[in-house]
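Visitor: Before I ask anything, let me first share the structure, which is written out below as structure tokens.
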Amino acid sequence: MTHQFTADLLEKVRAEKPLIHNLTNTVVTNFTANGLLALGASPVMADAVEEAADMASIAGAVVLNIGTLTAAKVEAMILAGKAANEKGIPVLFDPVGAGATPYRTESAKRILKEVKVDVLRGNAGEVAVLCGRAVQVKGVDGGGHEEIRGLAKEASDLLGLTCVITGKEDVVAGKHSYAVQNGSSILTKVTGTGCLLGSVIAAFCAVEKNYAKASAAALSFYGVAAERAAAVSGQEQPGTFAVQFINELHQTARTEVEASGRIEVLQ
Amino acid sequence: MTHQFTADLLEKVRAEKPLIHNLTNTVVTNFTANGLLALGASPVMADAVEEAADMASIAGAVVLNIGTLTAAKVEAMILAGKAANEKGIPVLFDPVGAGATPYRTESAKRILKEVKVDVLRGNAGEVAVLCGRAVQVKGVDGGGHEEIRGLAKEASDLLGLTCVITGKEDVVAGKHSYAVQNGSSILTKVTGTGCLLGSVIAAFCAVEKNYAKASAAALSFYGVAAERAAAVSGQEQPGTFAVQFINELHQTARTEVEASGRIEVLQ
Amino acid sequence: MTHQFTADLLEKVRAEKPLIHNLTNTVVTNFTANGLLALGASPVMADAVEEAADMASIAGAVVLNIGTLTAAKVEAMILAGKAANEKGIPVLFDPVGAGATPYRTESAKRILKEVKVDVLRGNAGEVAVLCGRAVQVKGVDGGGHEEIRGLAKEASDLLGLTCVITGKEDVVAGKHSYAVQNGSSILTKVTGTGCLLGSVIAAFCAVEKNYAKASAAALSFYGVAAERAAAVSGQEQPGTFAVQFINELHQTARTEVEASGRIEVLQ
């Protein structure tokens, strides 16, 4: 996989402007929509059970995020996920806070059971829980974890999907496996940067059927945009960073991605 | 209609600080509230069925926006709309995404049937759907449309309200008809700029009973503020634009509105 | 109480990074989460009845805010509050808009009855309503009120809690009583600054069991951060202020708090 591939995919997203249907949490709706618009995709949010499936069936990709789940939202996610499955539309699942409460863990497992998830994106703690490991999770910020590459491979094999684990190093395990070293630690000081990443990965998957490659490309692009924003804001101004990051999702072009991408192909 | 009228109305909003009750979508609540505060109005959001009517009855204007509708929210909108109707409080309706799913289209039509809407604000695709025309709508971004002036007039006559259609040119059709050429294309890269516009129009209608004139004035003011913000941010920095636009909603004064307003009176 | 105490508590929050569970309104979720992250605390939002209590029981403090209440959210708040009570975890209650509608007033009173609230934070109008006084409240912006110090003391005695009333002067009444003169009037032009303040007070209470002292320290820190942000933005740029305020919640250090804190001890 080359950085030229990342750049090509970025330009494809911007040209095709895929409709990304986000069933996501109430904390990040605005940031997610603005991030997708800045990227060049078309965001939509519709999580009523009456229309979630209809909207999913006309989308380029569907994102399920349980950051602020309710019983009605989980139903809508399952309806949307199944509708996407029927049409071969990629489904990305972000199990925010799995492990933090029994309800969250059970809901995440239920979604994985009822919907064919194509890409799972979480931190190490969340993914470990969904692999049946017992771990300590401190709220939705998740916990540190060793051997993340192994965990991603385990989740990919066990659950039959492309697994993306984000942390100090971002890892993709699926048809191919990658480690991506782009990004900036200030991302952890802005809420919703993980959630928006899920939607950006979904946008890349909307235009590239090799979801592992699409995910690695999205991670690299996203990380390069963050590095560029952090170069403006520094590490101690999270308010400025958040604004500049939206700018960079719009401005970062193929030359920057090709010059600064850091993707390692595993085995 | 003169630009002095726009400036007078802007100052009236800032002096009277009308309470604008927004039953709106979960993506834009924060941006809408900050935009109204920046303008000088008083935002409130209360979409529980238990209190929507009570809050509406003490408001200066009520905004109904179905961007993320649910069955409970639609009920609350109808209760709020009817309470406003009883007291002669202006009701603005934004049928976000009408045409995108059957549920959205039906809910929009139901609101129009049960509530006496004073101002309808949408893009051409949404308004066309509510006029009974069959059109393609790509999610909530809506589609392009020719003959927008005619469509606005058709909707105004058919539905008995002031119709505002926004796009490359903004059009108002009601007691009088106007075309407004203010604005900037970067508005389309920030989520909620259409929704906030609805709330700003509502704020102007709260202080001026000629809703067509009030809408044209609000459109012109809003567009001038956007032009001023875009002059700072440029067209490629949507994060910076969104911040600066809030600044300009606060700072833009009568002299700027008078100097830069572009309102055309139709027939 | 010294400004060194405020600085010590600020550093304790940053070192311990307490998990703050916010059951709050849909307008301010993003701003609240970003403000808490900037401060150095760990935000979580989980208002489903199925998990609100579980999340509360692992939190350092719980915030109940009825800005956009629904029947389901009120249930979740009561479950979360009771779970926190059982474990001695501090509960802060923000009765947004109490007095504006009967449902809001009744819900606020019900929460106060069923949950042992440790800190009540509101404006004068809201607190007066909860003390049984009849007042005019204009939406959630609340009304002016004289003799705020007396009202805070009355609420503290009547309701058996630490009462924080914010306005031109911020007042704390509890085990000890304080008046805090830090802050900036531009805070009133940004939505959610009162709500975020509640969450910041909760973060300070998570690391200091004398809630009156913790509240005064939080108010002073928050006000100093606002003063510093306003020095950058000026009073007429609320968009810029909001961004810079997030920066300052992160950057403001003990030296600034010690130099600029203005806390008056009331007998």
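Visitor: Residues in region C:219-267 that are in a loop (DSSP other than H, G, I, E, B), in contact with a Phe, Trp or Tyr (Cβ under 9 Å, 6 or more places away or on another chain) and among the small types (Gly, Ala, Ser): how many?
Guide: Kept after step one, since they are in a loop (DSSP other than H, G, I, E, B), are these residues of region C:219-267: C:234-237, C:252-253, C:261-262, C:267.
Right, trim to in contact with a Phe, Trp or Tyr (Cβ under 9 Å, 6 or more places away or on another chain) and you get C:234-235, C:252, C:261.
Subset that is among the small types (Gly, Ala, Ser): C:234, C:261.
Of the residues in that region, 2 qualify.
Visitor: Same structure again: Taking residue B:59 and the conditions (1) out of contact with any Gly (no Cβ under 6 Å at 6 or more places or on another chain); (2) more than 14 Å from chain C (Cβ to nearest Cβ), which numbered condition does it fall short on, given that it satisfies the others?
Guide: (2)
Visitor: Same structure, new question: Name the one entry in B:72, B:38 that is surrounded by fewer than 24 Cβ atoms within 10 Å (Cβ to Cβ) and not β-branched (Val, Ile, Thr).
Guide: Only one candidate passes the filter, namely B:72.
Visitor: What do you reckon, is residue B:77 at negative phi, more than 10 Å from chain C (Cβ to nearest Cβ) and surrounded by 24 or more Cβ atoms within 10 Å (Cβ to Cβ)?
Guide: Against the criterion (at negative phi, more than 10 Å from chain C (Cβ to nearest Cβ) and surrounded by 24 or more Cβ atoms within 10 Å (Cβ to Cβ)), residue B:77 qualifies.
Visitor: Just to verify a result, which residue in region C:188-199, among those that are assigned to a helix (DSSP H, G or I) and more than 14 Å from the chain's Cα centre (by Cα), is surrounded by the most Cβ atoms within 10 Å (Cβ to Cβ)?
Guide: C:189
Visitor: Right, here's the next one. Specify the residue that is nearest to the other protein chains (Cβ to nearest Cβ); the eligible residues are those in region B:207-221 that are surrounded by 24 or more Cβ atoms within 10 Å (Cβ to Cβ) and among the small types (Gly, Ala, Ser).
Guide: Within region B:207-221, the match that is nearest to the other protein chains (Cβ to nearest Cβ) is B:218.
Visitor: I'm trying to understand the selection: among the residues of region B:30-46, which are outside any loop (DSSP other than H, G, I, E, B), farther than 15 Å from residue B:62 by Cβ and either more than 7 Å from every other protein chain (Cβ to nearest Cβ) or not hydrophobic (A, V, I, L, M, F, W, C) (or both)?
Guide: If the condition is that a residue be outside any loop (DSSP other than H, G, I, E, B), farther than 15 Å from residue B:62 by Cβ and either more than 7 Å from every other protein chain (Cβ to nearest Cβ) or not hydrophobic (A, V, I, L, M, F, W, C) (or both), then B:30, B:34, B:35, B:39 are the ones that fit.
Visitor: Okay, moving on. Testing residue A:224 on (1) touching a Ser or Thr at 6+ places or on another chain (Cβ under 6 Å); (2) within 14 Å of chain C (Cβ to nearest Cβ), one condition comes back false. Which one is that?
Guide: Answer for residue A:224: the failing condition is (2).
Visitor: Continuing with this model, one more query. Within region C:252-267, take every residue that is of a type in the set (Val, Ile, Thr) and surrounded by 15 or more Cβ atoms within 10 Å (Cβ to Cβ) and give me the one that is farthest from residue C:40 (Cα to Cα). Show your work before the answer.
Guide: Keep residues of region C:252-267 that are of a type in the set (Val, Ile, Thr), which gives C:252, C:255, C:257, C:263, C:265.
Pick out the ones that are also surrounded by 15 or more Cβ atoms within 10 Å (Cβ to Cβ) and you get C:252, C:257, C:263.
Values: C:252: 11, C:257: 16, C:263: 23 Å.
Ranking the qualifying residues of region C:252-267, first place goes to C:263.
Visitor: In addition: Select, from A:20, A:66, the only residue that is under 27 Å from residue A:260 (Cβ atoms), in contact (Cβ under 8 Å) with a residue 12 or more places away in the chain and surrounded by 24 or more Cβ atoms within 10 Å (Cβ to Cβ).
Guide: When all the criteria are applied, what remains is A:20.
Visitor: Here is a further query. Quick one: would you say residue C:6 is within 24 Å of residue C:180 (Cα to Cα), crowded, with 24+ Cβ neighbours inside 10 Å and within 18 Å of the chain's Cα centre (by Cα)?
Guide: yes
This table checks each residue for (1) more than 21 Å from residue A:18 (Cα to Cα); (2) charged (D, E, K, R); (3) in contact with a strand residue (DSSP E or B) (Cβ under 6 Å, 6 or more places away or on another chain).
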| position | (1), (2), (3) |
| --- | --- |
| A:72 | yes, no, no |
| A:78 | yes, no, no |
| A:82 | no, yes, no |
| A:91 | no, no, yes |
| A:110 | yes, yes, no |
| A:120 | no, no, yes |
| A:134 | yes, no, no |
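Visitor: Mind checking whether some residue in region C:182-198 is closer than 17 Å to residue C:127 by Cβ, modelled with pLDDT of 95 or more, in contact with a Phe, Trp or Tyr (Cβ under 6 Å, 6 or more places away or on another chain) and small (Gly, Ala, Ser)?
Guide: No; the residues of region C:182-198 include none that is closer than 17 Å to residue C:127 by Cβ, modelled with pLDDT of 95 or more, in contact with a Phe, Trp or Tyr (Cβ under 6 Å, 6 or more places away or on another chain) and small (Gly, Ala, Ser).
Visitor: Just to check your reading of the model, which residue among A:209, A:175, A:213 is modelled with pLDDT under 95 and either closer than 25 Å to residue A:84 by Cα or assigned to a helix (DSSP H, G or I) (or both)?
Guide: A:175
Visitor: Now for a different question. Mind telling me which of the residues B:134, B:124 ends up being more than 17 Å from the chain's Cα centre (by Cα), more than 14 Å from every other protein chain (Cβ to nearest Cβ) and over 28 Å from residue A:72 (Cβ atoms)?
Guide: Values: B:124 fails: more than 17 Å from the chain's Cα centre (by Cα).
The match here is B:134.
Visitor: Something else about it: Can you tell me which residue among B:152, B:108 is modelled with pLDDT of 95 or more, part of a helix (DSSP H, G or I) and within 29 Å of residue C:101 (Cβ to Cβ)?
Guide: B:108
Visitor: Right, here's the next one. Pull up region B:227-251, narrow it to residues that are of a type outside the set (D, E, K, R) and away from chain A (no Cβ under 14 Å), then point me to the one that is surrounded by the fewest Cβ atoms within 10 Å (Cβ to Cβ).
Guide: B:231
Visitor: Something else now. Which residue pairs have Cβ atoms closer than 7 Å, lie 6 or more positions apart in sequence or on different chains, and pair a first residue in region B:39-50 that is hydrophobic (A, V, I, L, M, F, W, C) with a second residue that is at pLDDT below 95?
Guide: Filtered contacts from region B:39-50: B:44/C:139; B:44/C:140.
Visitor: Further question on the same structure: Kindly check whether there is at least one residue in region C:8-17 that is out of contact with any Asp or Glu (no Cβ under 8 Å at 6 or more places or on another chain), closer than 25 Å to residue B:73 by Cα and within 14 Å of chain A (Cβ to nearest Cβ).
Guide: No, region C:8-17 contains no residue that is out of contact with any Asp or Glu (no Cβ under 8 Å at 6 or more places or on another chain), closer than 25 Å to residue B:73 by Cα and within 14 Å of chain A (Cβ to nearest Cβ).
Visitor: Just to be sure before I move on: is residue A:54 over 16 Å from the mean Cα position of the chain (by Cα), more than 14 Å from chain B (Cβ to nearest Cβ) and at pLDDT 95 or above in the structure I sent? Before the answer, list the steps.
Guide: On the way: over 16 Å from the mean Cα position of the chain (by Cα): yes; more than 14 Å from chain B (Cβ to nearest Cβ): no; at pLDDT 95 or above: yes.
Answer is no for this residue.
Visitor: If you don't mind, there's one more thing I want to ask. Could you tell me how many of the residues in region C:178-187 are outside any helix (DSSP H, G or I) and buried (at least 22 other Cβ atoms within 10 Å of the Cβ)?
Guide: 3
Visitor: Just to be sure, is residue C:33 touching a strand residue (DSSP E or B) at 6+ places or on another chain (Cβ under 6 Å), hydrophobic (A, V, I, L, M, F, W, C) and over 19 Å from residue C:75 (Cα atoms)?
Guide: Here the answer is yes, as residue C:33 does meet what is asked.
Visitor: Kindly indicate which of B:49, B:63, B:13, B:27 is more than 18 Å from the chain's Cα centre (by Cα) and either among the hydrophobic types (A, V, I, L, M, F, W, C) or not in a loop (DSSP other than H, G, I, E, B) (or both).
Guide: One residue alone meets the criteria, B:49.
Visitor: Within region B:51-63, track down each residue that is without any contact (Cβ under 8 Å) to a residue 40 or more places away in the chain and among the hydrophobic types (A, V, I, L, M, F, W, C).
Guide: Those that are without any contact (Cβ under 8 Å) to a residue 40 or more places away in the chain and among the hydrophobic types (A, V, I, L, M, F, W, C): B:52, B:53, B:55, B:56, B:58.
The values are calculated or read from the model by the stated rules, or taken from the named source; none is laboratory data. As the structure is a prediction and not an experimental result, all values here were calculated from the model. Counting neighbours? That spans all protein chains shown, and the Cβs are built from the backbone with ideal geometry, glycine included.
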